[in-house]
Amino acid sequence: TIRCIAEVKPIEGADLIEAVRVDGWWVVAKKGEFPVDSLAVYMEVDSFVPTEIAPFLTKAGYEPKVYEGVQGERLRTIKLRGQISQGLLLPIEQVFPEKDSNYYWSMVGEDVTEILGVVKWERPISPQLYGQAKGNFPSFLRKTDQERVQNIGIQLQYYVNQTFEVTIKLDGSSCTIFSNGEEDGVCSRNLELKRDENNAFWKIALEYDIHKKIRAYGKNLAVQGELIAPNIQGNYEKVNKPEFYVFDIFDIDKQEYMLPDERQEFCKILNIPHIPIIDKSYEMIDNVDMLLDMAEGNGMNVGVKREGLVFKHNNSEFSFKAISNSYLLKEK
C-alpha cells in the first residue's frame with residue numbers, strides 16, 4: 001500500500017539506521033531515507049516480495065526462494081539493534097519512477113499488491129489436513145481473517161471506552177463447519193472438502209455432531225473455529241489430542257456474525273468448546289503499542305506463550321487481532 005510516514009525516531013547505538021513508523025507499524029530503514037510526511041510503498045510482514053523489486057532481500061551467495069511461482073523472499077518480523085522491524089518500506093519514486101511523488105498523494109492507502117506482483121505468504125497446510133476438495137470456499141460464507149491492529153489505529157478512536165470481548169488467538173488451522181438448508185459441509189481455510197471420516201476437519205465435525213446441533217438450533221449457520229492437534233503446526237499449543245475451539249458463528253441467512261454474547265451462549269447450550277476468553281467487557285483504548293503489549297502472555301496451556309489476542313466489539317462486527325511480537329520473532 002501507499003502510505004505516509006508518521007514518525008521517525010533514532011535507534012540507540014545505531015549511526016546508519018533509524019526506526020520509521022507507518023500507521024501502527026515500525027520499520028528499520030536507512031537514516032534520512034524516509035522523512036516524516038513523505039510517501040512510501042509499505043509491504044507488511046508475510047508479504048512475499050519479488051526479487052526484481054527488492055533484490056537486496058536475498059542474502060549474498062544464496063538463490064531467491066520461490067513461492068506460488070514468484071521468485072523472491074518472505075518478509076518476517078526481525079529485530080535490529082534492539083528495535084522491532086516489521087515489513088519493508090521503499091521510496092515511492094523508486095517503485096513508481098514514471099511520475100512525480102506528489103502525484104501519489106491522492107492515492108495514500110491504495111493497494112498496489114497486484115501491480116507490484118507481491119503475493120501474500122501463507123503457511124503450508126499440514127499434510128494430515130489434506131482432504132479431497134469438493135470445491136472452492138462457498139460464496140455464501142466468509143473466510144476467517146482478522147485485520148492486524150497496526151492497520152486499524154485510526155479507527156480505534158471511535159471505540160475508546162466501548163467494550164470488547166478479548167480471546168486468545170490459538171496457533172492451529174482454521175475450520176468452518178456449516179449447515180445451509182439440506183446441505184452440510186466442512187471447509188479448510190480456503191476450500192470446501194468432500195466428506196471423509198478420516199480427514200481431521202470432518203472428524204471434528206462428526207465428533208461434536210455439529211451439523212445436527214446447528215439444525216437443532218433452527219438456523220442456517222456456519223461454526224468457525226481453530227483446530228489444534230499434536231500433528232498440526234508442530235503442536236505449538238502442546239495438546240495431547242485434536243481439539244476444536246469456536247471463535248465465530250456466521251448467520252448465513254442474515255450474512256452477519258453473531259455478537260459475542262450470543263455466540264458464547266450458543267456454545268454453552270450446544271456443548272461445543274469456545275475459544276478461551278480473557279475478558280468479556282474490555283474497555284478499548286486508543287494505543288496500538290499498548291494493545292501489542294497486551295498480546296504478550298500465557299496461552300491456555302502451561303508452558304505455552306500465546307500467539308496473540310483477538311478483540312471483538314460487543315455490539316457490532318468490528319474486530320481485529322494483535323499478534324505477539326515475541327511469537328513472530330520465533331516463528332519459522
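Charges at C-beta only: +1 for Lys and Arg, -1 for Asp and Glu. How large is the resulting dipole of the chain about its Cα centre, in Debye rounded to 20?
Working: 39 positive and 51 negative charges, 203 e Å.
Here the chain has a charge dipole of around 980 debye.
Rank Val108, Val288, Val22 by mean-square fluctuation in a GNM of the chain with C-alpha springs under 10 angstrom and give only the top-ranked residue.
Val108
What translational diffusion coefficient, in µm²/s and rounded to a whole number, does the Stokes-Einstein relation yield for region 61-180 at 25 °C and a viscosity of 0.890 mPa s, taking the hydrodynamic radius as the Kirkwood radius over Cα pairs? The partial results should precede the final answer.
Working: Rh = 19.6 Å.
Result for D is 125 µm²/s.
Could I have the simple spin-label model distance between Glu147 and Ser326, label points 7 Å from Cα toward Cβ, reported in nm to one decimal?
2.9 nm
Taking a virtual spin label 7 Å from the Cα of Thr58 along the C-beta vector, which residues in region 67-87 bring their backbone nitrogen under 14 Å of it?
Within reach of a label on Thr58: 67, 69-74.
Can you compute the FRET efficiency between Asn161 and Glu317 using 1/(1 + (r/R0)^6), with r the Cβ-Cβ distance and R0 = 30 Å? Round to the nearest 0.05. Before the final figure, lay out each step's value.
Working: r = 19 Å, r/R0 = 0.64.
Here the calculated transfer efficiency is 0.95.
Any idea of Arg123's accessible area? Nearest 10 Å², probe 1.4 Å.
80 Å²
Efficiency by 1/(1 + (r/R0)^6): what FRET value for Cys4 and Glu256, r their Cβ-Cβ distance, R0 = 41 Å, to the nearest 0.05?
Details: r = 33 Å, r/R0 = 0.81.
That pair, Cys4 with Glu256, gives E of 0.80.
If you roll a 1.4 Å probe over the heavy atoms of the protein chains, what accessible area per residue do you get for region 189-310, in Å²?
Working: 6040 Å² over 122 residues.
Ligands and nucleic acids excluded, the figure is 50 Å² per residue.
Less than 28 Å apart at the alpha-carbon level, and either on another chain or at least 8 residues along: which lysines does that give for Lys99?
Lys30, Lys31, Lys120
Expected output is a single nm value to one decimal: the length gained when fully extending between Arg74 and Asn301, i.e. 0.36 nm times separation in residues minus the C-alpha distance. What is it?
Values: separation 227, 0.36 × 227 = 81.72 nm, distance 3.01 nm.
Value of the extension gain: 78.7 nm.
Which loop-located GluC sites (Glu not before Pro) does region 1-79 contain, where loop means any DSSP state but H, G, I, E or B and the Cβ has at most 13 other Cβ atoms within 10 Å? Walk me through the intermediate numbers first.
On the way: sites: Glu7, Glu12, Glu18, Glu33, Glu44, Glu52, Glu68, Glu73; in loops: Glu12, Glu33, Glu44, Glu52, Glu68.
Hits after loop and neighbour filter: Glu12, Glu52, Glu68.
Would you kindly find the accessible area of Tyr245, with a 1.4 Å probe and non-protein molecules such as ligands, DNA and RNA excluded, rounding to the nearest 10 Å²?
Tyr245 exposes around 40 Å² with every protein chain in place.
Distance from the Cα centre of region 280-332 to that of region 202-219, in angstrom?
29 Å
Let me see the pair-distance distribution of the chain: every alpha carbon pair, 20 Å bin width, integer percents in order.
The percentages, shortest bin first, are 27, 56, 17, 0.
Take Phe318, Phe266 and sort them by solvent-accessible surface of the protein heavy atoms, 1.4 Å probe, largest at the top. Walk me through the intermediate numbers first.
Values: Phe318 30, Phe266 0 Å².
Output order, biggest surface exposure first: Phe318, Phe266.
For the chain, with all protein chains present and a 1.4 Å probe, just round the carbon and sulfur fraction of the accessible area to a whole percent. Don't skip to the answer; put the middle values down first.
Working: 8150 of 16900 Å².
The value for the chain is 48 percent carbon and sulfur by accessible area.
Please check: in the Gaussian network model of the chain (C-alpha springs, under 10 Å), which one of Asn231, Asn102, Asn298 has the largest mean-square fluctuation.
Asn102
What is the helix-to-structure angle for 260-270, meaning the angle in degrees between its Cα long axis and the longest Cα principal axis of the chain, kept from 0 to 90 and rounded to the nearest 10?
Approximately 30 degrees, to the nearest 10.
What whole number of Å gives the distance from the Cα centroid of region 4-59 to the Cα centroid of region 98-153?
First find each Cα centre; the distance between them is then 20 Å.
What shape does region 207-304 take by its C-alpha gyration tensor, where a ≥ b ≥ c are the square roots of the eigenvalues and a/c under 1.5 counts as rounded, a/b above b/c as prolate, and the rest as oblate? Mind showing how you got there, number by number?
Values: a/c = 2.39, a/b = 1.23, b/c = 1.94.
Oblate shape, in that a/c is at least 1.5 and b/c is the bigger or equal ratio.
Which order do Lys212, Lys268 take by accessible area at a 1.4 Å probe, largest first?
Working: Lys212 125, Lys268 155 Å².
From most exposed to least exposed: Lys268, Lys212.
Using unit Cβ charges (K, R positive; D, E negative) and no other charged atoms, how large, in debye to the nearest 20, is the dipole of region 253-332 about its Cα centre? Intermediate results must be reported in sequence, preceding the final value.
Values: 10 positive and 14 negative charges, 87 e Å.
Computed about the Cα centre, the dipole is about 420 debye.
Quick one: of the DSSP bridges fully inside the chain, what percent are antiparallel, nearest 5? Spell out each step's value before the answer.
Numbers: 72 of 74 bridges.
Within the chain, antiparallel bridges account for around 95 percent of the total.
The values are calculated or read from the model by the stated rules, or taken from the named source; none is laboratory data. All figures in this text were calculated on a predicted structure; none of them were measured in a lab. Positions of Cβ are backbone-derived with ideal geometry, glycine not excepted, and every protein chain shown enters the neighbour counts. Protein only, heavy atoms only, side chains kept; ligands, DNA and RNA dropped before computing areas. Shrake-Rupley method; radii C 1.70, N 1.55, O 1.52, S 1.80 Å.
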